[in-house]
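Visitor: Dropping the structure in here first, questions after.
Values quoted throughout were computed directly from the atomic coordinates according to the rules given, and no laboratory measurement underlies them. Just so you know, these numbers come straight off a predicted model, no measurement behind them. Don't worry about glycine lacking a Cβ; one is built from the backbone with ideal geometry, like all the others, and counts go over all protein chains shown.
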């Protein structure tokens with residue numbers, strides 16, 4: 001006798017609309033925590049009877065602060081993209097195409113900036129090259145100068161810091177592209193009479209375009225979201241600074257207006273870069289022959305390479321060394337001296353024994369853990385839906401997932417404030433602002449693309465016939481997913497999970513706008529200690545963050561090698 005419930009369930013699952021029932025929770029989450037907050041910010045930017053009043057104020061020439069901030073943000077971001085591209089692509093080309101003394105050491109150290117969270121990176125550069133930095137003061141003392149000979153400050157100080165902390169985006173993507181580049185294309189062009197410059201412009205750079213576009217998007221978005229670097233180097237007029245000032249002064253309508261305009265600029269840049277990338281085909285129709293490194297044989301060039309490698313190594317490792325040094329300094333003892341005069345281990349002891357010092361660390365661990373669990377559940381489900389299921393609206397789903405990554409952290413924070421400062425159904429009729437849950441929600445929204453992208457990449461490499469074989473042997477979908485799909489995609493899921501967790505621990509730009517006194521995260525604690533002149537404690541916090549990120553990078557590297565070995 002047929003079970004009527006099973007019969008109804010069978011008819012439901014065979015319906016062409018059943019797939020939309022399955023994916024509806026994904027769209028509901030995106031609507032509730034991405035679309036709805038952005039919509040609330042957009043509504044808040046309009047004011048009273050004169051709905052365009054805030055936009056008129058923003059673009060008013062009588063009070064040009066906002067226009068200057070917009071120009072500075074775009075200017076800094078564009079120049080950061082250019083300088084990061086020059087440094088990153090040049091480093092990738094030298095390290096992948098040439099064998100020279102010091103190359104192996106440089107190839108390891110070139111990724112050091114990845115271990116520096118944005119706030120900690122700015123901190124180290126301030127201590128090294130700022131007006132009161134170790135190097136300017138050291139040169140002043142050495143040559144008995146009246147004032148420091150140089151100091152990083154202003155817009156170009158911000159661009160220098162951005163270049164150092166973000167060139168790795170270009171380096172990683174360009175290195176991957178160069179490794180797969182067929183040298184026969186260059187040889188053919190050279191044999192037809194093309195010079196080196198023409199080969200670069202017509203052969204190499206066009207083949208690097210997809211990786212350059214991807215890195216440009218990342219650098220531009222991160223630069224637009226930059227808050228600490230402009231603050232430290234005296235650039236008051238940037239969009240993030242203006243949003244923060246408007247928010248702290250209680251002018252929520254203007255903060256919403258600034259956030260909306262900043263969102264439009266970021267999304268416009270995203271569309272322009274995607275359009276440029278799609279103008280032509282960049283496929284490398286090669287025979288699969290990879291580039292072999294050419295050994296530098298000239299003695300003068302070898303000597304130059306040794307000197308360059310030494311300088312490069314010093315520049316790359318100094319920021320971390322100075323943080324470690326200052327983390328042992330006694331708070332309040334370092335004033336006008338070149339180096340801290342007194343040292344102690346107390347800061348590291350306090351990290352794990354003093355409740356007030358430990359509290360921000362524990363807050364960050366708790367909130368990052370909660371956010372990362374949400375990222376795993378959403379990211380794996382969304383990746384499976386995108387790769388394995390067929391439905392209308394895939395492009396929309398992909399865009400909505402990537403929108404939080406395209407928006408600056410300040411905008412995400414303002415969106416959350418606009419949406420969840422009052423009771424609503426998406427907050428379970430609670431006011432979330434000022435509660436524990438508001439920061440995990442911000443971290444979840446900011447980092448949802450990370451687990452999604454890494455899991456999607458693993459699923460694309462998994463042959464669907466493996467799942468079909470398990471189902472044909474009688475396994476249910478859930479059993480197949482749990483015992484076949486998840487184990488085989490575990491590396492990708494874990495890589496995205498680790499990255500999301502570390503990014504949440506280091507998140508500062510969104511945190512500074514929405515934290516409360518009971519939920520101070522680690523990044524905000526570093527910022528507060530810095531402004532209280534507790535440099536030792538601030539740097540000890542920073543070193544802890546660096547160690548955590550280095551552990552994650554090592555684990556990710558081990559996992560990638562292990563998965564490569566399994567594939568072979």
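Visitor: Calculated FRET efficiency, residue 267 and residue 146, Cβ-Cβ r, R0 41 Å, to nearest 0.05?
Guide: For R0 = 41 Å, the calculated efficiency reads 0.25.
Visitor: Multiply the residue separation of residue 333 and residue 86 by 0.36 nm, subtract the distance between their alpha-carbon atoms, and state the gained length in nm to one decimal.
Guide: 84.9 nm
Visitor: Then there is this: Evaluate E = 1/(1 + (r/R0)^6) for residue 424 and residue 42, where r is the Cβ-Cβ distance and R0 equals 25 Å; express this FRET efficiency to the nearest 0.05.
Guide: E(calc), rounded to 0.05, equals 0.95.
Visitor: How many nm is it between the label spots at residue 483 and residue 433, if each spot is 7 Å from the Cα in line with the beta carbon?
Guide: Each label point lies 7 Å from its Cα, and together they span 5.1 nm.
Visitor: Let me ask something else about it. Return the distance in nm (one decimal) between the two label points of a simple spin-label model at residue 457 and residue 324, each offset 7 Å from Cα along Cα→Cβ.
Guide: A separation of 2.9 nm, rounded to one decimal place.
Visitor: Only Cα pairs under 8 Å and at least 6 apart count here; give the relative contact order of the range 343-568 as a rounded whole percent.
Guide: 28 percent.
Visitor: So between residue 475 and residue 365, what do we pick up on full extension, going 0.36 nm a residue minus the alpha carbon distance? Please report the intermediate quantities before stating the final value.
Guide: On the way: separation 110, 0.36 × 110 = 39.60 nm, distance 3.80 nm.
Full extension from residue 475 to residue 365 adds 35.8 nm.
Visitor: Given labels modelled 7 Å from the Cα in the Cβ direction, how far is it in nm from residue 60 to residue 355?
Guide: 5.0 nm
Visitor: How large is the direction-averaged shadow of the alpha-carbon convex hull of the range 343-568, in nm²?
Guide: 15.6 nm²
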